[in-house]
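S.K.: If you scroll down you'll find the structure; I have some questions about it.
The values are calculated or read from the model by the stated rules, or taken from the named source; none is laboratory data. Note that the coordinates shown come from a computational prediction; the quantities given were computed from them, not determined experimentally. So basically every Cβ, Gly included, is an ideal-geometry build from the backbone, and we count neighbours across all protein chains shown. Note: areas computed on protein heavy atoms with side chains; ligands, DNA, RNA excluded. Shrake-Rupley method; radii C 1.70, N 1.55, O 1.52, S 1.80 Å.
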Amino acid sequence: MAQFRILLLAAILMFSGVVVDAYGPGDNGYVGLRDDYYGTSCKDVETVIKKAVQAELAKNLKHAAGVLRMHFHDCFVEGCDASVLLDGPGTEKTAHVNEKLAGYEVIDAAKAAVEEVCPGVVSCADILAYAARDSTVELNGTAWAVQGGRKDGTVSLASRAEAELPPPEFQVSQLIDSFARRGLSAKQMVVLSGSHTVGVGHCDKFVSRLYNFNSTFFTDPSIDPAYATELKNICPQHTFNTTIEVFMDVITPTSAGVFEANYYKTLQEHKGLFTSDQSLFDDTRTKATVTSLLNNERFQKEFGKAMRAMGRVGVKTKGQIRTNCRVVNTY
Ligand code: HEM
């Protein structure tokens, strides 16, 4: 019955000219989000955000990958509600898993610019979703239409971030399960993992694959041997430095990264940096998707669709429009 009502509502909205995605895996049955959500309340919002994001990324393009990852880390913990942006002791950003998350200043700048033109109208959760798209485009990715309408949350706990975000040691079954719990399919999980075509990883996140892997293999046999030697040189056993950065995409290793399908090629060459990456090629449930995404045009198209689905995870209909993205409103 509830499903019927949702479908009916979606049909009414569709025929009234409002764009809503079909009910299906990934939209979590929530139809409160819309394209052009701020069309009347803040019509220039997307341009204002884009300009602010571009100005910030001109200072440090590496933050583009940070913002993209930030949107993921936001959506998987308490839903896409900007909980990752809150400052304070014990909030999500203090969690070990968020230790290297970067680019908060990009969101601060975008929020400040938006408040200048439309005070109190645009949520921080929406700004993060728009900024993640704009950051991807700055790395040569293809744009997608971002839906708006998220409200900002008031709860942000480091313990929730540690518990909810998938670690790099996860295998395919655990990854599928983690995404399925958010209404996202195995295919969408593989598509979204393609984000690892940009940005960096640190030694502590993959060193367990290099040394004392298990009782049979000293080094994870799924890593290309020459690549394993390269990684060992960068991250020596016991003495690695946790600030050393390794480009996740060895095919286009530029400091900020280039957003294209090469990530899937690295998996084919057994040069995926994390277990969570390489296992996507080595598992029969996800291998065909990896192979199909070697086509860059398909990857870009699928990525936008999957990001829209991720942007709907746990969205709140009630909540705040924060004045400052780092602090909960007290009024
Ligand atoms: C599938 C499960 C995923 C796992 C296990 C995972 C894990 C990781 C890890 C361990 C890092 C490196 C962190 C560090 O060394 O400091 C990383 C970086 C990154 N992740 Fe993921 N991730 C996943 C999915 C995603 C998704 C869905 C997105 C975005 C939609 C994403 C975007 C990124 C980006 C852009 C970076 C680079 C960040 C930077 O250079 O600042 N990841 N991820």
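S.K.: Do the conditions hold for Gly141, that is, is it open to solvent by less than 70 Å² (accessible area, probe 1.4 Å) and under 17 Å from Lys318 (Cβ atoms)? Full working, then the answer.
M.R.: Details: open to solvent by less than 70 Å² (accessible area, probe 1.4 Å): yes; under 17 Å from Lys318 (Cβ atoms): no.
Taking the combined requirement at face value, the residue does not satisfy it.
S.K.: Do the conditions hold for Ser123, that is, is it of a type in the set (Gly, Ala, Ser), more than 16 Å from the ligand (Cβ to nearest atom) and buried (at least 24 other Cβ atoms within 10 Å of the Cβ)? Spell out the reasoning first.
M.R.: Values: of a type in the set (Gly, Ala, Ser): yes; more than 16 Å from the ligand (Cβ to nearest atom): yes; buried (at least 24 other Cβ atoms within 10 Å of the Cβ): yes.
Yes.
S.K.: Any idea which of (1) under 29 Å from Tyr211 (Cα atoms); (2) open to solvent by 50 Å² or more (accessible area, probe 1.4 Å); (3) within 13 Å of the ligand (Cβ to nearest atom) is the one Cys235 doesn't satisfy?
M.R.: Every listed condition holds for Cys235 apart from (2).
S.K.: Would you please list the contacts, defined by Cβ atoms under 8 Å and residues six or more apart or on different chains, that run from a residue in segment 51-67 that is more than 12 Å from the ligand (Cβ to nearest atom) and of a type in the set (Asp, Glu) to a residue that is modelled with pLDDT of 95 or more and assigned to a helix (DSSP H, G or I)?
M.R.: Glu56/His63; Glu56/Glu105; Glu56/Val106; Glu56/Ala109; Glu56/Ala110
S.K.: Residues in segment 289-330 that are of a type in the set (A, V, I, L, M, F, W, C) and on the phi > 0 side of the Ramachandran plot: how many?
M.R.: Kept after step one, since they are of a type in the set (A, V, I, L, M, F, W, C), are these residues of segment 289-330: 290, 293-294, 299, 303, 306-307, 309-310, 313, 315, 321, 325, 327-328.
Okay, now just the ones that are also on the phi > 0 side of the Ramachandran plot, so none.
The qualifying residues number 0.
S.K.: Those residues that are of a type in the set (A, V, I, L, M) and part of a loop (DSSP other than H, G, I, E, B), I need them from segment 46-66; list them, please.
M.R.: The initial filter retains those residues of segment 46-66 that are of a type in the set (A, V, I, L, M), namely 48-49, 52-53, 55, 57-58, 61, 64-65.
Selection gives Leu61 alone.
S.K.: So which of Lys100, Lys151 is more than 15 Å from the ligand (Cβ to nearest atom), among the basic types (Lys, Arg), in contact with a strand residue (DSSP E or B) (Cβ under 9 Å, 6 or more places away or on another chain) and open to solvent by 10 Å² or more (accessible area, probe 1.4 Å)?
M.R.: Numbers: Lys100 fails: more than 15 Å from the ligand (Cβ to nearest atom).
From the options Lys100, Lys151, the qualifying one is Lys151.
S.K.: Report yes if some residue within segment 198-214 is acidic (Asp, Glu), outside any loop (DSSP other than H, G, I, E, B) and crowded, with 19+ Cβ neighbours inside 10 Å; otherwise report no.
M.R.: In the first step, residues of segment 198-214 are kept if they are acidic (Asp, Glu); the result is 204.
The next check asks that each one be outside any loop (DSSP other than H, G, I, E, B); those that pass are 204.
Right, trim to crowded, with 19+ Cβ neighbours inside 10 Å and you get none.
Scanning segment 198-214 turns up no residue that is acidic (Asp, Glu), outside any loop (DSSP other than H, G, I, E, B) and crowded, with 19+ Cβ neighbours inside 10 Å.
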